[in-house]
Amino acid sequence: MPLALTALHGISRACLTPACWASASRLTSELLPHSMSLREHGQYLFRSAVDVVLPARMLRRALELRTDGGPQLVVRGRAFPAQRNLYLVGFGKAVLGMAAAAEEILGDHLLRGVVSVPLGIQACLQQASCREMLLKPHSRIQVIEGAKYNLPDREALRAARAICELAEGLTADDLLLVLISGGGSALLPAPKPPVLLEEKEKVTKLLASRGATIQELNTIRKALSMLKGGGLAQAAYPAQVLSLILSDVIGDPVDFIASGPTVASSHSTQDCFEILAKYNLLSSLPKSVETVLHSSSSDSVRSKDYSHVYNVIIGSNSLALEEAKHQAEALGYLTLILSAAVCGEVNRVAKLYGLLIQFVCLSMAGPGVDSLIDKVRSDLLQLAAELDIPSLNLTEFLRTLQGFGPERPVCLLAGGETTVQVQGSGQGGRNQELALRVGLELHKAKSTRAGGILAGWEVMFLSGGTDGQDGPTEAAGAFSSLELVDRAGQEGLEVEAFLSNNDSYTFFSKFQNGCHLLMTGLTGTNVMDIQAVLIRARDR
């Protein structure tokens, strides 16, 4: 058996770490026969998507040090003098790899740096032999790990203070390179006095548990933070600030990624109060939070000078999806990208995927199902209108799908970030809950008129976080299928009971010994979530 095929057959619950990626990157459609499972294909596509947005590769594409005619740091055609006046700070799940690449490029021009990264990421990357994502011995960059389970803590606070101290010590002759990626909000906590870290965390936890979007969470975080909402850029003034950003937010708005530490806030105190009122939290705010919000003035933030700042997006979810599409097509799939901005409550998004899967299977079933197709199309269009997913032209998407025949398998790809309204006390994350809910939607569909058609197709759904961590669990996400609910029932596992307790991780850990969990370890990058639907005709 060829080495690459051996590597893919060896993928297991514990083996999707970056160390596996290099050997799998040589896989082609010739090495992936029809007999291989859709889950193995899905793992490969997810890995390919993550691989292309690994931070070191993106940073090297964006950043160049030119030495002819005097050293200059060049980003997107814009040049900055580099006469041993460079400093570096960073925060986020992908920042360690970005910092390693930056130090390699900058060499002796870099004088000092501080980065705040997730707890355990260095050990994880060392274990996976990802040397390009680790700093060299005797690095000039200090690494502080914190924010366990993506929650602000004392170590993250210590890192934020060190970053602030470095920034405040700069002069007009200095250049500060700021590296930002998803997870940066939790890794740069510096509450405005008199707010305590625990009080700020209480407010964000309450918002998250009630289904607040990442945009709403970041609006509140910025208002309560010294460094977010442009605070870091102001701390570094009058130094030049060059910010390289790996986006984990739908639409790539720079003022929301990691809560916009180098961008003027676009939201007012009134926006904060409206968000808190929306989730019925005004009466449960700590007194210190009320004090800060009432004393804040968004006008004073907007009036500050940001002409010394240059912000650049160097990678996003769309880039990952395009790579997954390329690889899926190489495997023989007819492939479409639904959207890079899938958002909304997880149960509604699961219903959308359930209907899309029915539509594909019905469309490829041949004549005699027109009325069923029309019903599913109508339901899809109504649901899509309610979800209002950015950049989704569902009418055109469905028209293209209906042109697909049964001869080739179909792959649907999407990215984004759903939300979960937590009602139970279980353990899970949005990706695992989405996968489990899609499995339930498919199970329900089998009892409808479309059930007989669905039986003729193999279906796999995958949802995973590109950072390798889905909620406070060790999984990146999970897989589901048409058969999941029935097979779980045979093991005495009631899917709806686990969902009512938001306990998707416990379900997937128990079901078939955890083989439907997507386990990657921390990947060292973060561009939101990736979802994949793979459909092919069953062997007759």
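The values are calculated or read from the model by the stated rules, or taken from the named source; none is laboratory data. Being a predicted model, the structure only gives us computed values, none of them experimental. Cβ atoms come from the backbone with ideal geometry, glycine included; neighbour counts cover every protein chain shown. The accessibility values were calculated without ligands, DNA or RNA, using every heavy atom of the protein model including side chains. Shrake-Rupley method; radii C 1.70, N 1.55, O 1.52, S 1.80 Å.
Couple of notes before you dig in:
- 0 to 90° range, to nearest 10: angle between helix 269-278 axis and the chain longest Cα axis: 30
- Within-9-Å neighbourhood charge of Y353 [Cβ basis; K, R +1; D, E -1]: +1
- Charge context of V117, other residues only, Cβ under 11 angstrom, K/R +1, D/E -1: -1
- S284-K304 FRET efficiency (beta carbon distance; Förster radius 45 Å; 0.05 resolution): 0.90
- Both radii are taken from the alpha-carbon atoms of the range 319-432; with Rh as the Kirkwood radius, Rg/Rh is 0.99.
- Altogether, the Stokes-Einstein calculation at 20 °C and 1.002 mPa s, with the Kirkwood radius of the range 427-488 over Cα pairs as Rh, returns a diffusion coefficient of 176 µm²/s.
- Phi angles across the range 357-368 convert, under the Karplus curve 6.51 cos²θ - 1.76 cosθ + 1.60 with θ = phi - 60°, into 3J(HN,Hα) values of 5, 4, 4, 4, 4, 5, 5, 8, 7, x, x, x Hz, Gly and Pro given as x.
- Both radii were evaluated on the Cα set of the range 53-112; the Rg over Rh quotient, with Rh as the Kirkwood radius, amounts to 0.96.
- Spin-label model distance (nm) - E274 vs S391, 7 Å beyond Cα toward Cβ: 2.5
- Computed across the chain, the Kirkwood radius stands at 24.1 Å (inverse of mean 1/r, all Cα pairs).
- Distribution of pairwise C-alpha distances over the range 361-503, 5 Å bins, in %: 2, 8, 15, 19, 21, 17, 11, 6, 1, 0
- For the pair E407 and K375, the difference between a 0.36 nm per residue extended length and the Cα-Cα distance amounts to 9.1 nm.
- Principal axes of the range 104-176: Cα extent on each, largest first, Å: 40, 28, 15
- Extension reserve of the T448-R112 stretch, reckoned as 0.36 nm per residue once the Cα distance is removed: 114.6 nm
- Each Lys or Arg adds one and each Asp or Glu subtracts one; over the other residues with Cβ under 14 Å from the Cβ of E496, this totals -3.
- Classified by the C-alpha gyration tensor, the range 154-257 has an oblate form. Its axis ratio a/c, with a ≥ b ≥ c, is 1.5 or above, and a/b does not exceed b/c.
- In Hz, Karplus ³J(HN,Hα) per residue of the range 527-538 (6.51, -1.76, 1.60; θ = phi - 60°; x = Gly, Pro): 10, 6, 10, 10, 10, 9, 10, 10, 9, 8, 5, 6
- The share of alpha-carbon pairs in the range 250-324 lying farther apart than 17 Å comes to 61%.
- For the chain: accessible area per residue (Å², 1.4 Å): 39
- Cβ crowding within 10 Å averaged over residues, with 36-46, 431-441, 237-247 ranked highest first: 431-441, 237-247, 36-46
- At full extension, D486 and E104 could sit 132.2 nm farther apart than now, given 0.36 nm per residue minus the alpha carbon distance.
- When you count the other C-beta atoms within 10 angstrom of each residue and take the mean per peptide, 109-122, 273-286 line up highest first as 109-122, 273-286.
- A compact globular protein would have a Cα radius of gyration near 2.2 N^0.38 Å; the ratio found for the range 81-135 is 1.18.
- Here the accessible area is traced with a 1.4 Å probe on the protein chains. For the chain, carbon and sulfur cover 50 percent of it.
- Nearest 10 degrees, 0 to 90: helix 95-106 Cα axis against the chain principal axis: 50
- Once the Cα atoms are used to define both axes, helix 38-52 deviates from the longest principal axis of the chain by about 20 degrees.
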